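Chemist: Would you mind keeping the following structure in view while I ask a few things?
A short reminder: the numbers here are calculations on the coordinates, not readings from a lab. Predicted model, so just to flag it, every value in this text is computed and none were measured. Cβ coordinates were reconstructed from backbone atoms using ideal geometry, including for glycine residues, and neighbour counts include every protein chain displayed.
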């Protein structure tokens with residue numbers, strides 16, 4: 001035996017569909033389209049992982065405020081049932097850095113030559129500006145390089161050329 005429950009419906013401010021829940025005066029479909037169409041500001045970075053490519057960023061409303069999230073972090077965040085109330089809690093929940101803590105515990109190191117495996121930083125730090133000592137030179141810094149070639153250094157190179165064939169006289173004599 002099925003029982004129908006009448007729920008109060010509200011009209012969407014955009015498409016007029018009658019729904020039981022509105023978000024910013026819109027149904028969920030219109031709200032999603034509106035949210036994805038909002039531009040992300042210049043210089044924005046993902047709130048969780050620091051991704052800076054604007055094509056990967058989108059604004060996501062969270063606890064009444066809009067924050068930039070990358071495609072990956074926003075997808076992971078949308079699947080969470082209980083979103084932490086603070087950004088620090090969200091970062092801790094979504095952080096994918098596995099090198100922050102020791103995972104092996106207090107067990108005995110059974111290697112023949114025990115040594116620390118986590119020496120140095122394996123990942124390249126984010127680009128904040130290249131200096132003369134930085135091995136990761138930005139391409140914009142290469143514009144100042146000028147290569148000068150003197151005429152004596154240029155070697156002649158034979159080139160294949162395409163020319164019109166000379167006209168042949170007709171033999172219809």
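Chemist: Please give the length that would be gained between residue 160 and residue 72 if that part of the chain were fully extended, namely 0.36 nm times their separation in residues minus their C-alpha to C-alpha distance (nm, one decimal). Please report the intermediate quantities before stating the final value.
Modeler: Values: separation 88, 0.36 × 88 = 31.68 nm, distance 5.27 nm.
Separation in residues times 0.36 nm, less the Cα-Cα distance, equals 26.4 nm.
Chemist: Just rank 58, 38, fewest to most, by other beta-carbon atoms within 10 angstrom.
Modeler: 38, 58
Chemist: On full extension of the chain, what length is gained from residue 152 through residue 80, given 0.36 nm per residue of separation minus the C-alpha to C-alpha distance?
Modeler: On the way: separation 72, 0.36 × 72 = 25.92 nm, distance 6.94 nm.
Contour length minus the Cα-Cα distance gives 19.0 nm.
Chemist: Also: Extending each Cα 7 Å along its Cβ direction at residue 17 and residue 87, get the distance between those two points in nm, one decimal.
Modeler: For the pair residue 17/residue 87, the computed spacing is 3.2 nm.
Chemist: In addition: Starting with the fewest neighbours, write out 160, 9, 47 ranked by other beta-carbon atoms found within 10 Å of each beta-carbon.
Modeler: Listing 160, 9, 47 from fewest to most nearby Cβ atoms yields 160, 9, 47.
Chemist: Right, next: May I ask you to sort 170, 63 by Cβ crowding, counting other Cβ atoms within 10 Å and putting the fewest first?
Modeler: Exposure proxy ranking, most exposed first: 170, 63.
Chemist: At what distance in nm do the modelled label points of residue 63 and residue 9 sit from each other, each positioned 7 Å from its Cα along Cα→Cβ?
Modeler: 3.6 nm
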